[in-house]
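Each remark here refers to the structure printed beneath this line.
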Amino acid sequence: MNEQLLILKRFPLLIPENSNFTLYRGFIQVGNEEFYIRLHVPHYPDLKELSLQCSWELSVILQGNAKHLSEWTSSCSTLIAYLECLQNLIMKCLETGEVASLLLTGHRLSVDTYKRIISELESVGIDHIVQVSSLLDEIMLQAIDQASRTHILGLSLCANYPSAPPVIQADLPNTVLSNLKRSSSLPAIYKSFVQQIAALQVFWDALDELDSICWVIDPENPKRKDAYRRIMIGNNVSVQITIDPFNPMERPDIKFLGSECAVAPFQASLNEKFQWLRTLSTSTKSFSYIHGECPNCGLAISCPS
């Protein structure tokens, strides 16, 4: 029987795209599942330089089997033999869990759950995906804010997803992290993540400015979740400034660190400055925020009217 008739009989959803039979597009059936594939067979019927393209779902399932796929272009004498080997490999992966359907903490992801994760990731958008583990239980997404800062969202999916929401990891202040939407929908979680990032622009702008113009001694390598900075301002004197992520324009918490005698002049100057600002703001109603500067250390201060 002509090979094309055999392919049509065994793989009815796989259709040649030209009369030379060098391009095929369609679906390969494995049990009750259908997977998209595209084959380029430039030297048909010889399988030399055959290339396979497939859906993201199938590429994850076939991860780790590139060697087999390459060897079959030499060991298989016909295209239908190659397709049968591919079909058997997919079935083996799905049944034994060698790749994407491996056991997760004693439980196996159902095909429906697996498809749901793939669909949700596609909804998030390929441009926002940094990394996906072969088991689909660890996912890293990214968002870039208005200042071109990159933020990573880590998601750990448990075996009974979506019944249980993912565990979320992100470099955000703890008070903000707790506001992230707890959901069993990856797009919903990502949308909440992007919204929280947008709300923190002024907060991060202020901290970035401190990092660029001050001698920050703690944290040594600031992270986006760090809401404080300890700054060296004199001999054996430092000041720790903690900014409220939700109210970055409000007066920060300011604490001087050092010996009592060394700290006293700075504390006195700061208290005097704030007292003057309060008096001024009481008589000048047009000010919504009053900005000042510590006369000894040059530290910029803001306080509400």
Notebook entry, point to check: How far, in nm, would the chain grow between ASP226 and GLN267 when pulled straight, counting 0.36 nm per residue and subtracting the alpha carbon separation?
Noted result: 12.3 nm
Note to self: At 7 Å along Cα-to-Cβ for each site, give me the label-to-label distance between ASP253 and GLN29 in nm.
What the structure shows: 6.6 nm
Next item on the list: Would you grab the residues whose amide H sits under 5 Å from the one on LEU14? Only those 5+ places off in sequence or on another chain, please, with H modelled 1.01 Å from N.
Entry: PHE27
Checklist line | ³J(HN,Hα) computed for each position of the range 179-186 - Karplus, 6.51 cos²θ - 1.76 cosθ + 1.60, integer Hz, glycine/proline x | finding: 8, 4, 5, 8, 9, 9, 10, 4
Notebook entry, point to check: Under 26 Å from the Cα of LYS223, which lysines turn up, not counting those fewer than eight places away in the same chain?
Noted result: LYS181, LYS191, LYS255
Margin query: Beyond a 24 Å Cα-Cα separation, which of these cross-linked pairs lie in this structure: LYS92/LYS115; LYS225/LYS273; LYS9/LYS115?
Written below: LYS225/LYS273; LYS9/LYS115
Next item on the list: Work through the residues other than LEU23 whose Cβ is under 12 Å from its Cβ and net out their charges, Lys, Arg +1 and Asp, Glu -1.
Entry: +1
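Please identify every one of the chymotrypsin sites (Phe, Trp or Tyr not before Pro) in the range 145-230 that sits in a loop by DSSP and has no more than 16 other beta carbons within 10 Å of its own beta carbon. Spell out each step's value before the answer.
Working: sites: TYR190, PHE193, PHE203, TRP204, TRP215, TYR228; in loops: TRP215.
Hits after loop and neighbour filter: TRP215.
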Checklist line | ³J(HN,Hα) computed for each position of the range 219-230 - Karplus, 6.51 cos²θ - 1.76 cosθ + 1.60, integer Hz, glycine/proline x | finding: x, 5, 10, x, 10, 5, 7, 6, 9, 10, 9, 9
Notebook entry, point to check: Which ³J(HN,Hα) values, rounded to whole Hz and listed in residue order, are derived for the range 62-77 from phi using the Karplus coefficients 6.51, -1.76 and 1.60 in 6.51 cos²θ - 1.76 cosθ + 1.60 with θ = phi - 60°, glycine and proline given as x?
Noted result: 8, 4, x, 10, 4, 4, 4, 4, 6, 5, 5, 5, 9, 7, 8, 8
Notebook entry, point to check: Given a Förster distance of 41 angstrom, what is the FRET efficiency for ASP205 paired with TYR36, based on the Cβ-Cβ distance and rounded to 0.05?
Noted result: 0.35
Check: In the range 1-76, which GluC sites (Glu not before Pro) are in a loop and have at most 15 other Cβ atoms within 10 Å, using DSSP for the loop call?
Finding: GLU17, GLU49
Note to self: Going 7 Å from the Cα of ASN179 along its beta-carbon direction, which residues of the range 233-250 have the amide nitrogen within less than 12 Å of the resulting point?
What the structure shows: 244-248
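No value in this document is a laboratory result; all are computed from the given coordinates. Here the structure is a predicted model, which means the values were calculated and not measured. Because the Cβ atoms are built from the backbone with ideal geometry, glycine has one as well, and the counts that use them run over all protein chains shown.
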